[in-house]
Amino acid sequence: MRKQRRNSVVAKSQKLDPILRIETKRDTNVKCHRDVTQHHDYDVQSFGVLQTDPRSVIESCQSRCDERKRGKLGLQRFGRVRGSVEERRNSGHHNHGAGLHLYALTFVSLFVSMRRMGSNFWLFATTLFSSVFAFLFVLL
Amino acid sequence: MGVPLNMVLLSEGLPFLVVTIGFEKSIILTKAVLSAALDTRRPRPQDSPMLAAQKVGVSSTPMQYAVQVAIQEKGYEIVRDYAIEICILAAGAASGVQGGLQQFCFLAAWILVSTAFSFSTFYTAVLNIKLEINRIKRHIALRQSTGKMTESIDALREL
């Protein structure tokens, strides 16, 4: 009885599935719409045009949709994934990007200023060596 | 020293650590040493810092003079900057703010102390070697150019 109900739910979800819209280009390129997959997961969200077998992509998308529509567990998973995506977008990602930019700019400015003072490479390298030695000395 | 070190915190905080510590002290000292080395090459007026260093009565080679003059000029500023940064980071480590700031400030303060030590020993020695290499290169270039000049003068005399 429960199995029949589950099968009917799965069949209904496959039939009425408004989420799954996949276009096939030629034979191998599969384009997946961004609005289709943005609520699912990172790997599905990130692909634009894939060079893989279209059947496997369709099957994976179907399985994800079925899992989502299967019940409370799927909804919980959907909420958790979507929450984690928004949290990652809003909170720390941009700040860490700015930190990485400053990190790179520090080394670039050191190299440029040492080069302006007449040393091509070695003063820059020894400055880095001394700092790395100090860092390791504190850590170890 | 009783402070737990989280590797995730370390890997995420490494860019901020580098930006906090920075390399501006070594740039300031290098600039001062190189400009002092240029000054020692030029003919000097009576009240130059080189003569002041000679009056104090220390070292003999021009490279040591250059380093000494540079440290006399910029040493106070560098030590003051180090002291201020270490005090600020120590205050951050003692503030008790949870979430990684305490560990970050503690690590950054100790790295600054260690960097100051290696800066005053290792980096100054490397800078001295670099100045000696520059002097040797200049000397070799000067000798080669004078040798070429004498050869060309001999060739002109033969003509």
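All of the numbers you see were taken from the coordinates with simple rules; none came from a lab. Source: prediction; values computed, not measured. Here the Cβ is made from the backbone with ideal geometry for all residues, glycine too, and neighbour counts use every protein chain on show.
Overview of values
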quantity: Net lengthening on full extension, B:Ser95/B:Glu24 (0.36 nm per residue, minus Cα-Cα); calculated: 22.9 nm
quantity: Sorted by Cβ density within 10 Å, fewest first, the residues B:Phe106, B:Phe23, B:Phe122; calculated: B:Phe122, B:Phe106, B:Phe23
quantity: Sorted by Cβ neighbour density within 10 Å, fewest at the top, the residues A:Met114, B:Met149, B:Met7, B:Met63; calculated: B:Met7, B:Met149, B:Met63, A:Met114
quantity: Computed label-point distance, nm, for sites B:Phe117 and B:Glu73 using a 7 Å Cα→Cβ extension; calculated: 3.0 nm
quantity: Likely footprinting exposure, A:Val108, B:Val113, fewest C-beta neighbours within 10 Å first; calculated: A:Val108, B:Val113
quantity: Cα→Cβ-extended label distance, 7 Å offset, between B:Arg157 and A:His101, nm; calculated: 6.7 nm
quantity: Average other protein chain Cβ within 10 Å of Cβ, residues B:127-138; calculated: 1
